[in-house]
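Below you'll find the structure, written out as structure tokens, and then a few comments.
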Amino acid sequence: MLKKCDLSRTIDDRTLAEKVMPLQQRIGELQRQLRDEKIPVIIVIEGWNASGITMTIQELVRHLDPRGFTLSSIGSPAGQERTHPLMWRFWNRIPAAGRIAIFARSWYSRALAEETCSPGWERRVDRVICTINRFERNLSDDGTIIIKIFLHISKKEQKKRLLERETNPLTAWMITQGDWDFHRDYDAYLPVIETFLKRTGTPHAPWTVVGATDPNHTLLTCYSAIVTSLERTLPKVVQKKTQEIKTRSRFSPEIVPVARRSSAPDQRERKEYEERVFAAQKKVRDCQYRLYKRTIPLAIVFEGRDAAGKGGTIMRLTYDLNPRGYRVMPVAAPNDHEKGHHYLWRFIMNYPNAGHITIYDRSWYGRVLVERVEGLCTKPEWKRAYTEINEMEEEFRNWGGGLLKFWLEVSPGEQLRRFRQREADPNKQWKITEEDWQNREKWDLYGEAIDEMFAKTSTKYAPWTVIESDDKWYARTKTLETVADYCEQLLQ
């Protein structure tokens, strides 16, 4: 792609003025249409050092409504970014529905800078390219338009521009030793960048390589690429969005049933229960400190039937933990701001820091459970969620995080008993809602969705652990001992 790029093309000022003005007007019109249709857009401007990234973006944003876009200038990771996976900081910057996110450098520059600086980088680059493609595909599938531009200049041109900036008192501060080191290794980086462009140029997120020797040609080509891409893609996204909304319906089973979970065993003696829970709590607390020392993050997911005992189990799990090292994320229906993003966004934003623990009281599995059964998402959306979830969990594990997933199961009779108990107890009435009774009426529909969830998301790197929860004592003991044993394995 880079070798075929014509670096000699130029455009005079008069031609630029004639051709760029209608494009500038058109981009403002498209921005308003994107806002009205609630379609998010990502514009990535990448390129060599001194290739004109800042100039290009400066000209571009002059003709956009500043209330409708955000600009992220990406440099070295700072603060919390250092304690999370590479893509976490970019999930944090994806645009809400109807907005534009412009990236002055992006995940590509960071992947090159952070993954090619030590031995074994070839293997890491393969993995990060896979991660990037998944990230962009997930956003595209959810209706985000992605436009990617790479500004290409020769090594000779780059040296000329670096020297010009270095000798100008107003811009000398911009040039660092790192810029010259990168310039020295231009020929070594060229094939690596070429590989990135080829392997991440996909139908839903193609690259436009721009010969950036002449600023006028650069600006006009970038404007043309953005307008053309939006005009071509916007109608398709609107049509797909409309079709999916029309096909939204209640769940109808199309599943091959899998084996049912076993029933709960007899109730344990209270003394044995207390001794085992106390021992497990102490073991988990000790592991918490060791995880922190080793900077290993741990995510624990709790899903289950209504009234299965998730709250009580989480209370026993956190009872002896240092509160500075964990947090519990209770998951409810997404608010308007969260609905404006990819459904995984709010969960990824709450990933545990390195060495910390995040406990999810319900999770991303709502997409294939309640949203599926209640018709809150379209069939294509929950169908593709299995792949999106598996890939997200795999990447979290590849980053070095631990992941435990618990499903708490109760029988219909035990659930009914607990519902009635809650209604009769003034201190527990807040726990029971009309929605709980409505969900109970769809027991079999939820059961079929649960079985398919197990079949498609219980993987070797993130298997489900089913907790038989008719007996709360047994359920809490099994959960705590499973967490303790898993942490010990993680620390080996």
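The values are calculated or read from the model by the stated rules, or taken from the named source; none is laboratory data. The structure displayed is predicted, hence computed values, not measured ones. Cβ placement follows ideal geometry from the backbone for every residue including glycine, while neighbour counts extend to all protein chains displayed. All accessible areas refer to the heavy atoms of the entire protein, side chains included, with ligands and DNA or RNA removed. Shrake-Rupley method; radii C 1.70, N 1.55, O 1.52, S 1.80 Å.
Observations
- Considered as a group, the residues in region 297-332 that are among the hydrophobic types (A, V, I, L, M, F, W, C) and open to solvent by 20 Å² or more (accessible area, probe 1.4 Å) include one that is nearest to D470 (Cα to Cα), and that residue is M315.
- Within region 307-321, one or more residues are farther than 22 Å from F278 by Cα and not hydroxyl-bearing (S, T, Y).
- Boolean, A17 is assigned to a loop (DSSP other than H, G, I, E, B), out of contact with any strand residue (DSSP E or B) (no Cβ under 7 Å at 6 or more places or on another chain) and not hydroxyl-bearing (S, T, Y): no
- Only one of L170, L163 that is part of a loop (DSSP other than H, G, I, E, B) and open to solvent by 50 Å² or more (accessible area, probe 1.4 Å): L170
- Residue selected from region 333-358 under the condition surrounded by fewer than 16 Cβ atoms within 10 Å (Cβ to Cβ) and part of a loop (DSSP other than H, G, I, E, B), by the criterion nearest to the chain's Cα centre (by Cα): M349
- Number of positions in region 11-53 that are aliphatic (A, V, I, L, M) and over 34 Å from the mean Cα position of the chain (by Cα): 5
- Filter result for W407 (buried (at least 17 other Cβ atoms within 10 Å of the Cβ), over 30 Å from G79 (Cα atoms), within 25 Å of the chain's Cα centre (by Cα) and among the aromatic types (F, W, Y)): yes
Okay, residues lined up against (1) in contact (Cβ under 8 Å) with a residue 40 or more places away in the chain; (2) out of contact with any helix residue (DSSP H, G or I) (no Cβ under 6 Å at 6 or more places or on another chain); (3) among the charged types (D, E, K, R):
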{"position": "A96", "(1), (2), (3)": "yes, yes, no"}
{"position": "W107", "(1), (2), (3)": "no, no, no"}
{"position": "K160", "(1), (2), (3)": "no, yes, yes"}
{"position": "R165", "(1), (2), (3)": "yes, no, yes"}
{"position": "D185", "(1), (2), (3)": "no, yes, yes"}
{"position": "I193", "(1), (2), (3)": "yes, yes, no"}
{"position": "R199", "(1), (2), (3)": "yes, no, yes"}
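Residue-by-condition table, conditions (1) more than 18 Å from A299 (Cβ to Cβ); (2) at pLDDT 95 or above:
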{"position": "P330", "(1), (2)": "no, no"}
{"position": "A333", "(1), (2)": "yes, no"}
{"position": "T358", "(1), (2)": "no, yes"}
{"position": "R372", "(1), (2)": "yes, yes"}
{"position": "N390", "(1), (2)": "no, yes"}
{"position": "D425", "(1), (2)": "yes, no"}
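- Subset tally (residues that are open to solvent by 90 Å² or more (accessible area, probe 1.4 Å) and in a helix (DSSP H, G or I)) for region 283-296: 4
- Given (1) modelled with pLDDT of 90 or more; (2) under 30 Å from L317 (Cβ atoms); (3) open to solvent by 50 Å² or more (accessible area, probe 1.4 Å), number of the condition S262 does not satisfy: (1)
- Of the residues making up region 201-224, those that are under 15 Å from I42 (Cα atoms) and open to solvent by less than 20 Å² (accessible area, probe 1.4 Å) are A205, C222, Y223.
- The residues of region 62-71 that are under 19 Å from P22 (Cα atoms) and either of a type in the set (S, T, N, Q) or exposed (fewer than 14 other Cβ atoms within 10 Å of the Cβ) (or both), listed by number, are R62, D65.
- Filter pass, E435 being surrounded by fewer than 16 Cβ atoms within 10 Å (Cβ to Cβ) and without any contact (Cβ under 8 Å) to a residue 60 or more places away in the chain: yes
- Of all residues making up region 173-183, the number that are touching a residue at least 60 places away in the same chain (Cβ under 8 Å) and open to solvent by 40 Å² or more (accessible area, probe 1.4 Å): 1
- Applying the condition of being closer than 15 Å to L190 by Cα and assigned to a helix (DSSP H, G or I) to region 119-158 and asking which residue is modelled with the lowest pLDDT yields E122.
- Some residue of region 105-118 being farther than 20 Å from V192 by Cβ and either assigned to a helix (DSSP H, G or I) or touching a Phe, Trp or Tyr at 6+ places or on another chain (Cβ under 6 Å) (or both): no
- Just one residue in the set W437, W473, W464 is at pLDDT 95 or above and either farther than 28 Å from L376 by Cα or not polar (S, T, N, Q) (or both); that residue is W464.
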